[in-house]
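*Asks:* Can you read through this structure? Questions will come right after.
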Amino acid sequence: MRYFIESFDTDGVLSLNDFQDKILSGEEEKIELLETKRDIGGEMWCSLNGNFPEKGDCGKWCPKYSPCNGKSGRCRELKNGFVETGLKFILTKEGLEEIVP
């Protein structure tokens with residue numbers, strides 16, 4: 001699963017381990033997270049640049065472009081986007097706890 005901070009800061013969609021590192025480093029004491037899942041058929045996400053490229057932004061002009069078939073087409077770094085599952089959690093040093101409405 002991937003998560004993002006409910007306050008929509010610039011950290012984006014990250015793994016739970018990434019947020020746990022922030023807690024363990026003392027950077028944050030607690031973080032409210034929203035769970036996400038892959039959005040099959042929706043927006044695509046570049047795993048190298050960490051953004052959602054617009055049509056025409058991804059392709060041969062990108063120095064990191066690596067087509068799946070080795071010639072042209074969809075880049076292997078272009079992944080499915082994410083949508084909220086509706087589940088909210090609080091992450092602390094003690095662990096992850098679901099917020100029940």
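Computed from the coordinates by the stated procedures, all read-outs in this text should not be read as laboratory data. Predicted model, so just to flag it, every value in this text is computed and none were measured. Counting neighbours? That spans all protein chains shown, and the Cβs are built from the backbone with ideal geometry, glycine included.
*Asks:* What does the charge dipole of region 2-99 about its Cα centre add up to, to the nearest 20 debye, if the Cβ of each Lys and Arg holds +1 and the Cβ of each Asp and Glu holds -1?
*Replies:* 940
*Asks:* Can you match percent of Cα pairs over 20 Å apart to one of these, (i) 58; (ii) 46; (iii) 54, based on a calculation from the structure here?
*Replies:* (ii)
*Asks:* Per residue of region 75-87, what does 6.51 cos²θ - 1.76 cosθ + 1.60 with θ = phi - 60° give for ³J(HN,Hα)? Whole Hz please, x for Gly and Pro, Karplus curve as stated.
*Replies:* Each residue of region 75-87 in turn: 6, 5, 8, 7, 10, 5, x, 10, 10, 5, 8, x, 8 Hz.
*Asks:* Do the alpha carbons of any pairs in Lys22/Lys64; Lys37/Lys64; Lys37/Lys88; Lys22/Lys79; Lys30/Lys79 sit beyond 19 Å of each other, and which pairs?
*Replies:* In this structure, Lys22/Lys64; Lys37/Lys64; Lys22/Lys79; Lys30/Lys79 exceed 19 Å between Cα atoms.
*Asks:* Given an 8 Å cut-off on Cα distances and at least 6 residues of separation, report the relative contact order of the chain as a percent.
*Replies:* 31
*Asks:* Same structure again: Setting aside same-chain residues fewer than 8 positions from Lys71, which lysines have a Cα under 16 Å from its Cα?
*Replies:* Leaving aside lysines fewer than 8 places away in the same chain, those within reach of Lys71 are Lys60.
*Asks:* Tell me the mean residue ellipticity at 222 nm calculated for the chain from its helices only (DSSP H runs of n ≥ 4, each -39500 (n - 2.57), averaged over every residue, nearest 500).
*Replies:* -2500 deg cm²/dmol
*Asks:* By counting other Cβ atoms within 10 Å of each Cβ, how are Glu54, Glu28, Glu35 ranked from fewest to most?
*Replies:* Ordered by Cβ neighbours within 10 Å, fewest first: Glu54, Glu28, Glu35.
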